[in-house]
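The values are calculated or read from the model by the stated rules, or taken from the named source; none is laboratory data. Keep in mind it's a predicted model, so treat the numbers as computed, not measured. For neighbour counting, all protein chains shown are included, and Cβ atoms are generated from backbone atoms with ideal geometry for every residue, glycine included. Ligands, DNA and RNA are excluded from the accessible area calculation, which covers all protein heavy atoms including side chains. Shrake-Rupley method; radii C 1.70, N 1.55, O 1.52, S 1.80 Å.
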Amino acid sequence: MSSLGASLAGLLIVAAVVAGSIYASYRRDLRAKLRRLKGASVVAQTACGPIEYAEAGSGASLLISHGAGGGFDQGMEFGGASLALRGFYVVAMSRFGYLRTPMPRDASPSAQADAHAALLDALGITRTAILGVSAGASSAIQFAIRHPHRCSAVVLLVPIAFKPPDVAASAPKLSGFATKLLLMIVGSNAKYWLASRFARDLVVKLVLATPPKVVHAASKFEQTRVARLLDGMMPINERAAGIINDARVSSAPERYGLEQIEVPTLVVSVRDDLYGTYAAAAYTAAQLPHARFVGYDTGGHVWVGHDNDVLAQVVRFLTP
């Protein structure tokens with residue numbers, strides 16, 4: 001064999017070993033994520049179909065409506081577990097199309113709000129506060145409108161919500177290329193895993209809608225939290241139907257009858273959120289009769305650098 005042939009053979013062997021190692025690491029991580037989910041939730045049979053949920057803590061009831069790419073586990077990660085330690089009975093469900101909650105024919109925010117009420121019925125909860133994160137804010141708003149007697153307070157964190165055309169956007173819309181790239185990344189477990197391992201800044205920017213430089217400059221605690229959020233989206237295949245539905249709803253948010261919401265509402269957003277929720281959040285708070293708006297200048301869509309303060313804001317707001 002020539003020296004060139006030997007070199008090529010050596011490179012192929014090295015490439016095969018590297019590829020095999022990467023694949024083994026991917027399979028190991030996927031199995032670990034599946035084990036983490038197993039036994040961590042239950043499925044309630046409700047008037048709106050099966051709904052997966054997890055519960056923790058005791059005290060005043062709080063229902064969590066997670067964001068895109070989530071599930072009951074993301075609801076617990078986005079403050080649910082911490083709030084359960086601070087005197088709240090937290091119920092975090094998987095919305096339509098996420099994990100073990102199936103996608104119904106009507107998966108609109110209003111139908112999801114009715115499903116929230118149906119889950120409360122199944123759990124014997126008469127009235128609750130609701131916390132909606134990102135794409136989960138739409139059904140939280142609809143819950144307060146459609147089931148006012150069941151809703152005691154509303155918290156909206158970085159809500160993807162309606163903004164009138166004459167209100168200046170707080171972030172440019174994703175380009176067509178960026179949108180296609182985002183959908184490709186979240187299109188399969190393998191693609192998402194590879195991107196999150198070898199193009200992490202890109203995933204932070206496109207999926208978490210957070211400027212990577214903000215994460216790099218953050219504390220070790222916040223960097224670890226961002227890593228947990230990214231890793232927590234696996235297995236993303238089992239969230240794909242919900243992600244697609246959320247993308248459809250979020251592409252053109254409807255204007256709801258916000259003036260009908262009579263309960264206290266806390267709205268939180270971040271100016272450099274790359275999903276542009278700041279302008280919509282400020283507008284939403286201004287339309288609500290009993291709302292308080294909290295805005296931060298930096299932190300992106302997952303409020304990097306402000307997690308402790310956001311948690312404290314929510315606790316103060318929900319504590320009588």
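Structure notes:
- Within the accessible area of region 114-194 (1.4 Å probe), percent carbon and sulfur: 63
- Accessible area (Å², 1.4 Å probe, nearest 10) - F162: 50
- The long axis of helix 109-123 is offset from the longest Cα principal axis of the chain by roughly 80 degrees.
- For region 68-138, the list of trypsin sites (Lys or Arg not before Pro) that fall in a loop by DSSP and count at most 15 other C-beta atoms within 10 angstrom reads R105, R127.
- Of (i) 26, 49, 22, 3, 0; (ii) 35, 60, 5; (iii) 33, 55, 9, 2, 0, the label for P(r) over Cα pairs in 20 Å bins from 0, in percent derived from the coordinates: (iii)
- Amide H contacts under 5 Å for S94: E52, Y53, F72, restricted to partners 5 or more places along the chain or on a different chain, H placed in the peptide plane at 1.01 Å from N.
- Label-point gap, in nm, between R228 and A40 - each point 7 angstrom along Cα→Cβ: 1.0
- Added length on full extension, which subtracts the Cα-Cα distance from 0.36 nm per residue, S175 to A47: 42.1 nm
- Most to least accessible of D29, D201 (protein chains only, probe 1.4 Å): D201, D29
- In region 211-320, trypsin sites (Lys or Arg not before Pro) in a DSSP loop with at most 14 other beta-carbon atoms within 10 Å: R255
- Two-site FRET efficiency, V315 against K220, from Cβ-Cβ distance with R₀ of 25 Å, rounded to 0.05: 0.60
- Within the chain, percent of DSSP bridges classed antiparallel, to nearest 5: 25
- Neighbour cut-off at most 15 other Cβ (10 Å), DSSP loop, GluC sites (Glu not before Pro), region 204-312: E254, E262
- Rolling a 1.4 Å probe over the heavy atoms of the protein chains gives the chain an accessible area of 45 Å² per residue.
- With all protein chains in place and a 1.4 Å probe, the accessible surface of region 222-320 carries 54 percent carbon and sulfur.
- Residue order for L119, L274, L311 - accessible surface, 1.4 angstrom probe, largest first: L274, L311, L119
- Computed [θ] at 222 nm, deg cm²/dmol, the chain (DSSP H ≥ 4; -39,500 (n - 2.57); rounded to nearest 500): -14000 deg cm²/dmol
- Counting only protein heavy atoms and using a 1.4 Å probe, the accessible area of M103 comes to about 70 Å².
- Cα-projected label distance for A81 with M184, points at 7 Å along beta-carbon direction, nm: 3.4
- Net charge dipole size for region 192-243 [Lys, Arg +1 and Asp, Glu -1 on Cβ; Debye, nearest 20]: 140
- Simple label model, 7 Å out from Cα along Cβ direction - K213 to R127, nm: 4.8
- Per-residue SASA entry for H149, accessible area with 1.4 Å probe, Å² rounded to 10: 120
- Ranked order, L183, L258 - accessible area, probe 1.4 Å, largest first: L183, L258
- Links that overshoot a 24 Å alpha carbon limit, given the list K173/K213; K33/K173; K180/K205: K33/K173
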